[in-house]
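Report on the structure given below.
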Amino acid sequence: MARRRWWPDWRDTLIWRLGLMLGMVNATYFTTNAFLPDYLRSNGQSEWISAALVGTEYRPAAGVDPVARGLPAGWSARPGLMRFVACSV
């Protein structure tokens, strides 16, 4: 029985690209959640805090679906487009 290799291939650029993408997405998400309430409170718009935080919670799910974004259905058939849309949200 051959031993399975569980450690990722660190020379593979896909591993690094995925790691950097996930790191940047998480940093943006947590930074938004940390500073958005204080920003709205300082501008006197405290009533929008809940709505803004809910909007940041559900925005990624809506961004992956081309119909939810109002894009033509044919756009999802283009190679690589959905990957771009999913990463750019």
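FYI, it's all coordinate maths here, none of it is from the lab. For clarity, every value in this text was computed on a predicted model and none was experimentally measured. Virtual Cβ from ideal backbone geometry, glycine too; neighbours counted across all protein chains shown.
Each residue of the stretch 41-52 was assigned a 3J(HN,Hα) from its phi angle through the Karplus curve 6.51 cos²θ - 1.76 cosθ + 1.60 (θ = phi - 60°); the sequence is 5, 5, 8, x, 10, 4, 5, 8, 4, 4, 5, 5 Hz, with glycine and proline shown as x.
Taking 7 Å steps out from each Cα toward its Cβ at Ile15 and Thr56 produces label points 3.2 nm apart.
For the peptides 48-56, 7-15, the ranking by packing is 48-56, 7-15, with the highest mean count of neighbouring Cβ atoms within 10 Å listed first.
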